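Here the structure comes first, spelled out in structure tokens, and everything after it is commentary.
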Amino acid sequence: MKTDLLLALVLIVCLTGAVGLSRGFNQHRRDESNASGEEHLYLNGRGARRMSLAFNGLAADWYWMRSLQYVGAKVVDYEDAHNGQFGLTDLSVLDLRFLPSLLDVTTTLDPQFIPAYEYGAVILPEINPDAAIALLSKGIAANPSSWRLHQDLGYIYWQRKDYARASQVYEAGAKLPGAPAWVTAMAARMKAEGGSSAAAREMYQRLYESSDDERVRQMVVAQLMRMQWLEDRYEIQHVLDYFQFYRREGRCAWQPVADEFREPRWHIDPQTGAPLDPSGVPYRLIDGCKVDLDPNSKVPR
């Protein structure tokens, strides 16, 4: 009976603290929103840590959810204003100015919150590269045995075209327990051919394989499709330009050149003869035999 009573008291204290914590955060958001045009969601990391007291894990989860909601709301607002058109590679247009603070607070409250670091590694480089590097460096300091965080930091430096620094980060990650052999190979590849399309494809493929976060994987898939589209555009346009007489005679169409795309790597729409883009939608011809994505394509521009 004494044990049951003690557990009940602990539960009451925890629930009371959680309610108080939530109210405190919400009141802070209301106060901040009165002072600026956009909702200020957030304390700094130290302030949130003091407010949360013994509930750091709960507070970290709350800020993590706010991070996802913040990005989601920005995407919805953008799509509403642009007829539903938004690609996962267009993050810079969303004005995610508070996301670095949200992720910083999340990881200050829970320094072992690996998904928050991974999410930041994929999204932040497009909106604030310095904040991305700071977040991942903080994550490595708090989780020194995580080779995946070295991979994420290497990815950020690769995006900045700092291939030497990316190679150094991969080399450091390769020395950690559990690091697969390909981390060492990536360190060498960054030195030799960091800017090549083959290196980029492997970079995204490794990010996809090593992440358990479906949001991160979706963004990586979008990047891979966009890379494939850019490569396809070059090859297809080369074929179309070679057969210039179709343009001269006003006969621009896929069927006359369909045989050029019968190689195994191409998939062809049986009705039009058009090659299919990485999302399975036929490419279209515009402006006098220029290849382009169809409006229904899932490939980001």
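The values are calculated or read from the model by the stated rules, or taken from the named source; none is laboratory data. Every value quoted in this text rests on a predicted model; they were computed, and no experiment measured them. Note that each Cβ is placed from the backbone with ideal geometry, even for glycine, and that neighbours are counted across all protein chains shown.
Checking residue 123 against (1) surrounded by fewer than 23 Cβ atoms within 10 Å (Cβ to Cβ); (2) modelled with pLDDT of 90 or more; (3) among the aliphatic types (A, V, I, L, M), which single condition isn't satisfied?
(1)
If I ask for residues that are touching a strand residue (DSSP E or B) at 6+ places or on another chain (Cβ under 7 Å) and surrounded by fewer than 17 Cβ atoms within 10 Å (Cβ to Cβ), which ones from region 269-290 would you list?
269, 272, 286
So which of 287, 292, 241, 259 ends up being at positive phi and among the acidic types (Asp, Glu)?
287
Identify, please: which residue in region 108-139 is within 15 Å of residue 158 (Cα to Cα) and β-branched (Val, Ile, Thr) and is, among those, farthest from the chain's Cα centre (by Cα)?
133
Out of all the residues in region 190-205, is one or more of a type in the set (S, T, N, Q), without any contact (Cβ under 8 Å) to a residue 24 or more places away in the chain and exposed (fewer than 15 other Cβ atoms within 10 Å of the Cβ)?
Among the residues of region 190-205, at least one is of a type in the set (S, T, N, Q), without any contact (Cβ under 8 Å) to a residue 24 or more places away in the chain and exposed (fewer than 15 other Cβ atoms within 10 Å of the Cβ), which makes the answer yes.
Hey, can you tell me all the residues within region 96-134 that are in a helix (DSSP H, G or I) and in contact with a Pro (Cβ under 7 Å, 6 or more places away or on another chain)?
Correct list: 124, 131, 132.
Do we have any residue at all in region 230-237 that's at pLDDT 90 or above and in contact with a Ser or Thr (Cβ under 8 Å, 6 or more places away or on another chain)?
Yes; the residues of region 230-237 include at least one that is at pLDDT 90 or above and in contact with a Ser or Thr (Cβ under 8 Å, 6 or more places away or on another chain).
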